[in-house]
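Structure record follows, encoded as structure tokens.
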Amino acid sequence: MPVPATAPWRAGAMPGRRIDRKRPEGRRRAAARTSRSQGTAWCLRVRHGAGRFVPGRTRAVAAVGQVRDWHDGSHGDEPPVPGTGHLSTLTPIHLPGRAMRVLTLLLCCLIPLSACAQDARFTPDPDAARLVTEDLDRFWAAWDAAAAVDGTEARSAVFQAQYLDAGSPGLEAFARLRIGDGAKLLKAIDKHPRYYASLRARTAALAAELPDIRETLGRMKVLYPEAVFPDVYFLMGRMNSGGTLDRTGLLIGVDMFGGGPGAPLEELGDWHRAVVGESGNLPVIVAHEWVHFQQLSDTGSQPTLLQAAIGEGVADFIAELGAGRHLNDHVHAWAEPRAATLWTEFRGRMNGTDYAGWLYDAGEGGTDGRPADLGYWMGYRIASGYYARAADKTAAIREMLRIDDFDAFLKASGVPEEFEGRGG
């Protein structure tokens, strides 16, 4: 699809929470822009490394190794370790008007070819974003076929050939980032057979939820008029990722949304029982990942705890504005009565890169019931404080998505004064 010369297209984003101990595979966030009014073209260069958005001569689109995944990991019940991402660098080239017009025309011709090659689409219209569910049908066809053969190796081969190898570009990315291969997928299925079987009826009902997801995307456009909308893929994984990002779009692990009344959760471990959501939460996860897709922030080579927490909190807060809620109520309920003490702890560690006890901890918690991922709560409080103090709410949303100075953002939120005023 042709990309308007005035609209950015992006792939990847500032991610979120992980649940695995394995270092995450990097992900890219790519962007290309042309601006005929200013006579500047933004040319894309991609290299390994964590990303940052730097104002001035060189801009790099945010891409951090941590992704909002209790929903994003590789090892199921195991907690995460932050990793690295990819750097997508946009270098401005200043050209005369005629040359710029020629370059713009070339970009408009070439970018669609590249996008079509990857079957990735980015649009400023939320109603034009594709909500792709075809891989769910592939999964259940493979499920039935695997039930007709004997032996782990043969069953794994069925899931590999009929699901993973035959899937959409979104499933191809999800397999690379989160599933692995048919053997790993089958291992998760065999560990939780009744739970997986129960997902069939829930995935069949997904079509009824797509209008709510579409409506949520529409509200996000109202909040952030500059937004672009990638395709959204709904996929079956191996219970280690409820949502992540790739240049193909938003990748949603529906297998992490099989909770609710009557769900057979007895096979699941404590961590899974705590984080498995209901299918009605899908609009919230889509909104959260969509926010990450929009984020452009200066995070340096390795995000500090403050930067990562604000990145996640901003995603939770803006998602709540669009979807009406976030998914960390239990974390907020535990943290609020202890806000002053937690702030003292956070303040002492926020400039470091050790996230233990704050982000991507997989819910093991402490003896006092301390939940994992308190950084989501802290970041949310900072984001909500900033928004509450802003006179121009639309400008505040844009500023939250393009933070250059996290210390200044924290100060402007009023959170330090509020929590310190409560006493330790």
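Scan the range 413-424 for residues that are within 19 Å of Pro337 (Cβ to Cβ), in contact (Cβ under 8 Å) with a residue 24 or more places away in the chain and in a helix (DSSP H, G or I) and jot them down.
Within the range 413-424, Val415, Pro416, Glu418, Phe419, Glu420, Arg422 meet the criteria.
Can you pull out the residues in the range 389-412 that are under 21 Å from Phe346 (Cα atoms) and either touching a residue at least 60 places away in the same chain (Cβ under 8 Å) or touching a Phe, Trp or Tyr at 6+ places or on another chain (Cβ under 7 Å) (or both)?
If the condition is that a residue be under 21 Å from Phe346 (Cα atoms) and either touching a residue at least 60 places away in the same chain (Cβ under 8 Å) or touching a Phe, Trp or Tyr at 6+ places or on another chain (Cβ under 7 Å) (or both), then Met400, Ile403, Asp404, Asp405, Phe406, Asp407, Phe409, Leu410, Ala412 are the ones that fit.
Between Val254, Val228, which is closer than 20 Å to Trp140 by Cβ and touching a residue at least 60 places away in the same chain (Cβ under 8 Å)?
The match here is Val254.
Output yes when any residue across the range 157-175 is within 28 Å of Glu266 (Cβ to Cβ), touching a residue at least 12 places away in the same chain (Cβ under 8 Å) and touching a Ser or Thr at 6+ places or on another chain (Cβ under 8 Å), and no when none is.
Checking the range 157-175: at least one residue is within 28 Å of Glu266 (Cβ to Cβ), touching a residue at least 12 places away in the same chain (Cβ under 8 Å) and touching a Ser or Thr at 6+ places or on another chain (Cβ under 8 Å).
Go through the residues of the range 168-175 one by one and say whether even a single one is outside any helix (DSSP H, G or I), surrounded by 15 or more Cβ atoms within 10 Å (Cβ to Cβ), modelled with pLDDT under 95 and under 24 Å from the mean Cα position of the chain (by Cα).
no
Exactly one of (1) under 15 Å from Met256 (Cα atoms); (2) crowded, with 21+ Cβ neighbours inside 10 Å is unmet by Arg200. Its number?
(2)
Could you identify the single residue in Asp165, Asp150, Asp212 that is of a type in the set (D, E, K, R) and under 30 Å from Met400 (Cβ atoms)?
Asp212
Among the numbered conditions (1) touching a strand residue (DSSP E or B) at 6+ places or on another chain (Cβ under 9 Å); (2) modelled with pLDDT of 95 or more, tell me where Leu321 comes up short.
Only one criterion in (1) touching a strand residue (DSSP E or B) at 6+ places or on another chain (Cβ under 9 Å); (2) modelled with pLDDT of 95 or more is unmet by Leu321, namely (1).
If a residue has to be at pLDDT 95 or above and either surrounded by fewer than 17 Cβ atoms within 10 Å (Cβ to Cβ) or at positive phi (or both) to count, how many in the range 244-262 make the cut?
Qualifying residue count for the region: 1.
Please list, ordered by residue number, the helices (runs of 4 or more DSSP H) wholly in the range 176-225 having 2 or more residues that are within 22 Å of Ala154 (Cα to Cα) and of a type outside the set (Ser, Thr, Tyr).
182-191, 193-204
Might you let me know whether the range 378-393 holds any residue that is part of a loop (DSSP other than H, G, I, E, B), out of contact with any Gly (no Cβ under 8 Å at 6 or more places or on another chain) and hydroxyl-bearing (Ser, Thr, Tyr)?
Checked the range 378-393: no residue is part of a loop (DSSP other than H, G, I, E, B), out of contact with any Gly (no Cβ under 8 Å at 6 or more places or on another chain) and hydroxyl-bearing (Ser, Thr, Tyr).
Considering only the range 123-154, state which residues are basic (Lys, Arg) and closer than 15 Å to Met236 by Cβ.
Correct list: Arg138 only.
The values are calculated or read from the model by the stated rules, or taken from the named source; none is laboratory data. Predicted model only: the values in this text are computed from it and were never measured. Reconstructed Cβ throughout: ideal geometry from the backbone, glycine too, with neighbour counts over all protein chains shown.
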